[in-house]
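A short write-up of the structure that comes next.
Please treat every number below as a calculation from the coordinates, not as lab data. Source: prediction; values computed, not measured. Note: ideal-geometry Cβ built from the backbone for every residue, glycine included; neighbour counts use all protein chains shown.
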């Protein structure tokens, strides 16, 4: 018996990184996965990996989740193929980082759309289906940037958007109580992903790892395992929370 046997999990941003790690882990634990991404090749590769491991995943791509129409297509595909939705993992996001005085109106709009507003269309479309299943779990990827400022790189846009998500999570968790829908957030720390790799050489990686109390940069699987807990019935007493998964960075000062 897997921890997610019989559950249908819709995961956004499965073309790589944390979303791919979660899709593979959820499938290994028995979930039927609907994986969504704007990146066609990456999402298809994730499906191939899951197929090779004996899991079940439907890939829906390319999808722009800021579009109400695309979000509806994703949810309708999950319901049509698997009969419902038990878990919605809002993992996908995109953002820009610029010093405050260099931010353009287009930078701001892009980050708000893809870091904050991206979760609304698909969550609203999925909500009635979670109610119909008698409850479920919604997981939202936030960021440590929502919890504190940084001097190492500029995060005004990203921090603002992700802080908005924390308000969304708490308020939606309150509405979800009547329907047995739990809503929680994960705030990843420094996680090794393709996007991060593109900006790191060995020296930079070592410097970043030295700033993490636990002594290393996180891996996508570190986030996926906590998402698995939130998706499973093991977290049935947990809602409205945000947990930093950050190697101790939030609470341990070096």
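The table below gives the values:
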item: Mean projected area (nm²) of the alpha-carbon convex hull when region 106-254 is viewed from all directions; result: 9.7 nm²
item: The chain, helix-only ellipticity at 222 nm - DSSP H runs n ≥ 4, -39,500 (n - 2.57), divided by all residues, nearest 500; result: -13000 deg cm²/dmol
item: Three-way shape call for region 95-157 based on the alpha-carbon gyration tensor, with the a/c threshold at 1.5; result: oblate
item: Principal-axis tilt of helix 156-176 within the chain, Cα atoms, nearest 10 degrees; result: 30 degrees
item: Least to most buried among 169, 79 (fewest other Cβ within 10 Å first); result: 79, 169
item: Overall Cα dimensions of region 1-66 - principal axes, largest extent first, Å; result: 34, 24, 17
item: Crossing angle, helix 40-52 versus the chain [Cα axis fit, 0-90 degrees, rounded to tens]; result: 60 degrees
item: Cα long-axis angle, helix 220-231 against the chain (0 to 90 degrees, to the nearest 10); result: 40 degrees
item: Least to most buried among 82, 100, 26 (fewest other Cβ within 10 Å first); result: 100, 82, 26
item: Most mobile of 28, 96, 150 in a GNM of the chain (Cα contacts under 10 Å); result: 150
item: Cβ crowding within 10 Å averaged over residues, with 38-46, 154-162, 174-182 ranked highest first; result: 154-162, 38-46, 174-182
item: Cα gyration tensor category, rounded, prolate or oblate, for region 37-138 with a/c compared to 1.5; result: oblate
item: Ranked 37, 51, criterion: other C-beta atoms within 10 Å, fewest first; result: 51, 37
